[in-house]
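Here is the structure we will look at.
What follows is calculated from the coordinates using simple rules that are stated; it is not laboratory data. Treat the numbers as computed from the prediction; the structure is a model and nothing was measured. Glycine also receives a Cβ, built like all others from the backbone with ideal geometry; neighbour counts cover every protein chain displayed.
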Amino acid sequence: MEGTDHEEGVAMPGSTHGATKAMGVLTVGGLVVVTAYSVALGSNGWLWFGWVVLGLLTLAMIVTQSD
């Protein structure tokens, strides 16, 4: 494919470094909350499942972020 009109590597609006950093902070904060809940009231599998999903989404944002 020749030409200069292809858009590969163009970051989508909203996928900025700030959004990724905020997602990381939210993930770490979520870990603290889920851990505190588990210590105080006992473990809840759904909370841990939700945190794992949040962590995977954060990791995906970090991996797919273009520089």
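Residues in region 32-67 that are surrounded by fewer than 13 Cβ atoms within 10 Å (Cβ to Cβ), in contact (Cβ under 8 Å) with a residue 40 or more places away in the chain and not in a helix (DSSP H, G or I): Ser66 only. If the condition is being in contact with a helix residue (DSSP H, G or I) (Cβ under 8 Å, 6 or more places away or on another chain) and of a type in the set (Phe, Trp, Tyr), then region 28-52 contributes Tyr37, Trp48, Trp51.
Can you give me the number of residues within region 13-24 that are exposed (fewer than 11 other Cβ atoms within 10 Å of the Cβ) and in a helix (DSSP H, G or I)? Let's see the steps before the verdict.
Looking only at region 13-24, we keep the residues that are exposed (fewer than 11 other Cβ atoms within 10 Å of the Cβ), and these are 13-14, 17-18.
Now narrow it down to the ones that are in a helix (DSSP H, G or I): 17-18.
Within region 13-24, residues that are exposed (fewer than 11 other Cβ atoms within 10 Å of the Cβ) and in a helix (DSSP H, G or I) number 2.
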